[in-house]
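The values are calculated or read from the model by the stated rules, or taken from the named source; none is laboratory data. Everything quoted here is computed from the prediction, not taken from an experiment. We place every Cβ from the backbone using ideal geometry, glycine too, and count neighbours over all the protein chains shown. These accessible areas exclude ligands, DNA and RNA; they are computed on the full protein's heavy atoms, side chains included. Shrake-Rupley method; radii C 1.70, N 1.55, O 1.52, S 1.80 Å.
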Amino acid sequence: MTYKQPESPRTTLLSLLVAVTFFMENLDATVITTAIPQMAKDFAVNPVALNVGISAYLLAVAVGIPMSGWLAERFGARTVFSCAILIFTLASVMCGISYSLPMFTLSRILQGIGGAMMVPVGRMVVLRVTEKKDMVKTIAFITWPGLIAPVLGPPLGGVIVTYGHWPWIFWLNIPLGILAMMATVYLVPQFKAEQLRPFDARGFVLTATACTALIIALEYLGQMHLNVGLPLLLLGIFCSVLVYRHSFSHPQPLLPFSALTISTFRNAVVGGSLFRASINAVPFLLPLLFQLGFGWSAAQAGVMVLWVFAGNLAMKPATTWLMKRWGFRQVLMINGI
């Protein structure tokens, strides 16, 4: 891709724009947790059944992310980024007007498709216009709003559900989405590939099948439906192996697993995935425990979950200094313990 290095103020504004979309995505993922019992009551389903809405969103993100880079190369980063924000905003409206669990699930899938293109493409654009010496600072700048969103999400969702109605949780995205689309026109460069690589259709089908089968399998296994969960789990593992082998035989695979031969990248992906799986489970499990197990109100549960993310946010300013002072390995080992 060819591009012109933007001036520093524009790069900062571009980073801020991507940070806002990251905030939207993370807020939407966490603000729903305290509303699950009330939404389940309105949909006339068991609260645990609302897991499908969360899983559907994650499924759409998992399937859509591999396509985001190719779409940006084909149609331009600005076009894909603005369309992603539009899809995410419209899907938020649909979530708010949902009257049943199936409609809510479909809306969450559409929202996941928008999120799958929105944040990855935005990060790609920022990293392409950022000098190497400013990389850590820029990534931290983008990440900060993503950490603030989980802090605000649970108490905000709790207050809305306790003193209002849950659809407003999703309608909060509307003004942010409109402002982000307006800013995209002026700030996001229209990156395009000079030589468009062919779309890896087989790789996409195998990846989509693997992700779909694995996520649905975990959903069924979590409900102890072994007769459905185990076959889907085996299918997901089988397709994952095929995706891995395909990536080394295809000249330009959708998911280049060859990047995992770089030890630092491989360790970051494997270790980071396990880390995130454990950390991201906390904001979904605690509100259910507080409301269904302890009988607290949504507002009380949201305030209690806030302190988990407040600790996360309070630690953020020290992370860069700690890594420079003690090194990645020691910091990660002590943090893991």
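Quick look at the values:
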{"item": "Selection within the range 312-327 - modelled with pLDDT of 80 or more and of a type outside the set (Val, Ile, Thr)", "result": "Ala314, Met315, Ala318, Trp321, Leu322, Met323, Lys324, Arg325, Trp326, Gly327"}
{"item": "Cβ-Cβ under 7 Å pairs, at least 6 apart or on other chains, the range 181-203 side hydroxyl-bearing (Ser, Thr, Tyr), far side modelled with pLDDT of 75 or more", "result": "Thr184/Leu17; Thr184/Arg78; Thr184/Phe81; Thr184/Ser82; Thr184/Ile85"}
{"item": "Within the range 290-299, tally of residues that are modelled with pLDDT of 85 or more and under 22 Å from Asn26 (Cβ atoms)", "result": "1"}
{"item": "Any pair with Cβ under 7 angstrom, 6 or more apart, that starts in the range 112-123 at a residue that is under 16 Å from Arg74 (Cα atoms) and ends at one that is open to solvent by less than 30 Å² (accessible area, probe 1.4 Å) and of a type in the set (Phe, Trp, Tyr)", "result": "Met118/Phe81; Met118/Phe88; Val121/Phe81; Gly122/Phe81"}
{"item": "Of residues in the range 176-189 being surrounded by 14 or more Cβ atoms within 10 Å (Cβ to Cβ) and more than 20 Å from the chain's Cα centre (by Cα), the one modelled with the highest pLDDT", "result": "Ala183"}
{"item": "Sole exception among (1) farther than 26 Å from Val52 by Cβ; (2) in a helix (DSSP H, G or I); (3) not basic (Lys, Arg) for Val282, by number", "result": "(1)"}
{"item": "Qualifying positions in the range 156-175 - part of a helix (DSSP H, G or I), surrounded by fewer than 22 Cβ atoms within 10 Å (Cβ to Cβ) and modelled with pLDDT under 85", "result": "Leu156, Val159, Thr162, Tyr163"}
{"item": "Selected residue (only one of Val125, Val136 is assigned to a helix (DSSP H, G or I), more than 17 Å from Val308 (Cα to Cα), under 21 Å from the mean Cα position of the chain (by Cα) and modelled with pLDDT under 70)", "result": "Val136"}
{"item": "The range 290-337, residues that are among the β-branched types (Val, Ile, Thr), open to solvent by 60 Å² or more (accessible area, probe 1.4 Å) and part of a helix (DSSP H, G or I)", "result": "Val303, Val308, Ile334"}
{"item": "All helices (runs of 4 or more DSSP H) inside the range 36-122 with 2 or more residues being of a type outside the set (Gly, Ala, Ser) and under 15 Å from the mean Cα position of the chain (by Cα)", "result": "51-75, 77-96"}
{"item": "Considering residues of the range 29-42 that are open to solvent by 20 Å² or more (accessible area, probe 1.4 Å) and touching a helix residue (DSSP H, G or I) at 6+ places or on another chain (Cβ under 9 Å) only, the residue modelled with the highest pLDDT", "result": "Lys41"}
{"item": "Filter pass, Leu254 being open to solvent by less than 80 Å² (accessible area, probe 1.4 Å), farther than 30 Å from Met333 by Cα, in contact (Cβ under 8 Å) with a residue 40 or more places away in the chain and in a loop (DSSP other than H, G, I, E, B)", "result": "yes"}
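For (1) open to solvent by 50 Å² or more (accessible area, probe 1.4 Å); (2) part of a helix (DSSP H, G or I); (3) farther than 20 Å from Ala60 by Cα, each residue gets a yes or a no:
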{"site": "Ala210", "(1), (2), (3)": "no, yes, no"}
{"site": "Leu218", "(1), (2), (3)": "yes, yes, no"}
{"site": "Met224", "(1), (2), (3)": "yes, no, yes"}
{"site": "Leu235", "(1), (2), (3)": "yes, yes, no"}
{"site": "Arg245", "(1), (2), (3)": "yes, yes, yes"}
